Every structure is written in structure tokens, then in C-alpha cells.
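Peer 1: Following this message is one structure expressed as C-alpha cells.
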């Protein structure tokens, strides 16, 4: 069958952001299906400077909507609106499509999916990566009541128009069912997958540790976005409290709107136990993760984000690193049930540091949790398994 894949932020491994869509699409191609991706151009997506190209058998069409987290709010809104129009027009030019697969964010990706469903007469599957607009509403980004009602109405329209819905966590699936109400739609959970081929527990990290000056350090690594939703001030607070352990080093690696503020705060506090580095391509990231002792995932004090399905969580498991969360939710239940790391009460600094010290003071615990993390990635979260699960949903929609 021919799958038309709509993802505004589609990225290749040469970029420095998540590659879920690429990883799923290339596996569907291997399974014998044709996949055409329509996407925009982001500054961290690693796309070649071409409007049309092929990658691992995936046919990619790039429309001219450029997007960056550095853009102003209005510029980003303009990018969303442009993609709705350009993506819809581009989709009409793709022939012999059997099914549409649209993945958020942004929520507005559902608009070209609905338009193409109506005009081409094919069903679509909608994937919810973040629960929009509930997340920005709870975080206070969207305050206008009219805009709230409009976005919530759009969300209901998209869910009801979809033939099936894929959620990236159990909490998201529950939220989707609430929005659907009495409308019956298949909703399945397919979390972000672990790149078990790319991230390996046996990668030699000695060169990286020497280059970075980490030889005698216990490194706690956070890699990925540095936005408001991540609230990485939490790690600055943790570093302040851990100054009596000079060999414990917190490392932040990535990019985002808050990076400059974080850098200035670290300098003002004269913290010697926290480093901030720029992003690295995903293809080079495994060596960095291999060089840390513990991988950490941090979110802000917003309970709805505990339903997240962060890429770094799964890549850390694949790398065989214990994962330290500053929140609860399904990821905490998962890693603690498999003894692959710790979670804590949301943004509870004392709880977080207690768990960190448990790992710091026990090499055996650190080693065993790392082994358990790798096993969990292989058995529950491999990219092959996730791609096959989602493909099963798509096949079900086409066959029905």
C-alpha cells in the first residue's frame, strides 16, 4: 500500500532532534510499502537542501515552511498556517494514496489530514505525540478563552475524523478517550522507540571522557531540548545542593530558548559542577551518552507533562544507562518495575537527590540498573516492535 505521511518536523539522523517518523517510515518501506512524507524545513531536522529527495526508500517532499524554536510566537504561528495550506496542496499532487498518517505536534497537522481525507477519499490515522492544546493551556501559554475553545474544538474534530488514533503514552490515550466521549475510535499506545542498534551499552567512551575532561567525574547527563517545558533550572538547583560532592558533574547538552538564560545563571552562581554544551547530531550522540554514568530526564512542575514520551528516555535505556526522572507517571512505573532507574514526586528536589546519591554510592546498583535498562529497551521498546504495532493499525484501517 501507499502511505502518505504528514509530519511538519520530519527529521533525519543527521539532525539533532527526534527521528521517530524516519525510523518508522523506513521500516514500512522494508516491509514492502511505499511511503511519501510531506514535511516542512526545520533548523534541527538535518534535511538536505532539496525540495524533493529520497532517504532509505522514503520519498520526501519538503514544502517551504521554515520553523525554529528561536522564532517569535507570531512567526511560528505563521509557519503552522503556511504548512496547512502548502501541505494540503502538496498532498493533492501525490497519486494512488491508500491511507494518510498524520503526526502531531503541531495539532494543526490534522487540518491537511482532514482536507486530504475529504478530497482524496482515503482514511487517516492520527498520531498524538503531545496532548495539544491541553499542555499549552495548562502551562499558561494559551490564555485567550476564544482561542482555547477554538483549539479544543479543532482537537475534537480531528479525533472524530480519524479512522484510528495512536497515542505515545497511556496517559495520552486516556485523555484522547475523554475528548472522544461516546464516539468510538480505536486508540492504541505506541510509545517512542529505543534505537537499540544506534545506542549500545558497550561503546568505548574513554576518548569522549578524556576530551570532555570527565575522567574522574560521575556524570549526570541531560540531552535534548532546553525549553520552558523542560525547566532545567531544576538541575541548577540540584547542582547547588550537590557542591559537597565535587566529583558529581551535571551536563546539559542541546539547544532551546532557555539555553542562554541557563548559561547566564550558571555563570552568576559560579557553579563548577554543571556544564552546558550545544546540540550534537543524533548519529554522534551515542558516544556522548555512553560517556555518562546516569541519564536524566527533567520536566517542569506541570502534572500533564508526566504523560510525556521523551526520546531521550528510550535512547538512554538503549545505551544501558540508569534513568533518573524528576517526575512520576507511566515512565517512573516502568523503570522502577524493571529496576532500571528512579522517578520521584514531581519536581521534588530532595527526592531526586536522594535517588541520585543511591546510584552515586553503589557501583553494583549502577551496573545492574544499566543492564536492566538495556534489557527493557530490547524487550519492550525496540523500533522494530513499535513500527510493526503502528503498521498493524494502518493495515486495519485500510482493510476495513
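Peer 1: In nm, to one decimal, how far is the residue 283 label point from the residue 245 one, both placed 7 Å along Cα→Cβ?
Peer 2: With each label placed 7 Å out from Cα toward Cβ, I get 3.7 nm.
Peer 1: Under 10 Å, Cα contacts only: if you run a Gaussian network model on the chain, which one of 385, 282, 149 comes out with the highest mean-square fluctuation?
Peer 2: Comparing 385, 282, 149 in a Gaussian network model of the chain, the most mobile one is 149.
Peer 1: A further question follows. Among the DSSP beta bridges whose two residues both lie in the chain, what percent are antiparallel, rounded to the nearest 5?
Peer 2: Around 10 percent of the beta bridges assigned by DSSP in the chain are antiparallel ones.
Peer 1: Using only Cα atoms, find the angle between the long axis of helix 170-180 and the longest principal axis of the chain, and express it within 0 to 90 degrees, rounded to the nearest 10.
Peer 2: The angle comes out at about 30 degrees.
Peer 1: Here's another thing I want to ask about it. Only helical DSSP H runs with n ≥ 4 go in: add -39500 (n - 2.57) per run for the chain, normalise by residue count and round the 222 nm mean residue ellipticity to 500 deg cm²/dmol. Don't skip to the end; give the middle numbers.
Peer 2: On the way: 15 runs with 171 residues, N = 400.
The helix-only estimate for the chain comes to -13000 deg cm²/dmol at 222 nm.
Peer 1: Work the Kirkwood hydrodynamic radius out for region 206-380: mean of 1/r over every pair of different alpha-carbon atoms, inverted, in Å.
Peer 2: One decimal place: 16.0 Å for the Kirkwood radius.
Peer 1: Provide 132, 214 in ascending order of the number of other Cβ atoms located within 10 Å of each residue's Cβ, fewest first. It would help to have the intermediate numbers written out before the result.
Peer 2: Numbers: 132 22, 214 19.
Ascending Cβ contact count within 10 Å gives the list 214, 132.
Peer 1: Rounded to whole Å, give me the distance from the Cα center of region 379-400 to that of region 174-203.
Peer 2: Using only Cα atoms, the two centres lie 11 Å from each other.
Peer 1: Moving on. What FRET efficiency comes out for the pair residue 336/residue 385, r = Cβ-Cβ distance, R0 = 22 Å, nearest 0.05?
Peer 2: With R0 = 22 Å, the Cβ-Cβ based efficiency is 0.55.
Peer 1: Quick one: length gained pulling residue 260 to residue 272 fully straight, 0.36 nm per residue minus the C-alpha distance? It would help to have the intermediate numbers written out before the result.
Peer 2: Numbers: separation 12, 0.36 × 12 = 4.32 nm, distance 1.72 nm.
Full extension from residue 260 to residue 272 adds 2.6 nm.
Peer 1: What's the extension gain from residue 2 to residue 368 if we count 0.36 nm per residue and subtract their Cα-Cα distance?
Peer 2: Values: separation 366, 0.36 × 366 = 131.76 nm, distance 4.43 nm.
Taking residue 2 through residue 368 to full extension adds about 127.3 nm, to one decimal.
Peer 1: Moving on. Could you line up 189, 323 from fewest to most neighbouring Cβ atoms inside 10 Å?
Peer 2: 189, 323
Peer 1: Antiparallel as a % of all DSSP beta bridges within region 11-112, to the nearest 5?
Peer 2: Numbers: 4 of 10 bridges.
The antiparallel fraction comes to roughly 40 percent.
Peer 1: Please rank 199, 314, fewest neighbouring Cβ atoms within 10 Å first, as an exposure proxy.
Peer 2: Taking fewest neighbouring Cβ atoms as first place, the list is 199, 314.
Peer 1: Reported to two decimal places, what Rg/Rh ratio describes the chain when computed on Cα atoms with Rh from the Kirkwood expression?
Peer 2: With Rg and the Kirkwood Rh in hand, the quotient comes to 0.96.
Peer 1: How big is the Kirkwood radius of region 150-212, worked out from every pair of different alpha carbons and given in Å to one decimal?
Peer 2: 14.8
Since every read-out is calculated from the coordinates, none of them should be taken as a lab result. Owing to the predicted nature of the structure, the values given are computational and were not obtained by experimental measurement. Neighbour counts run over all protein chains shown; Cβ positions are idealised from the backbone, glycine included.
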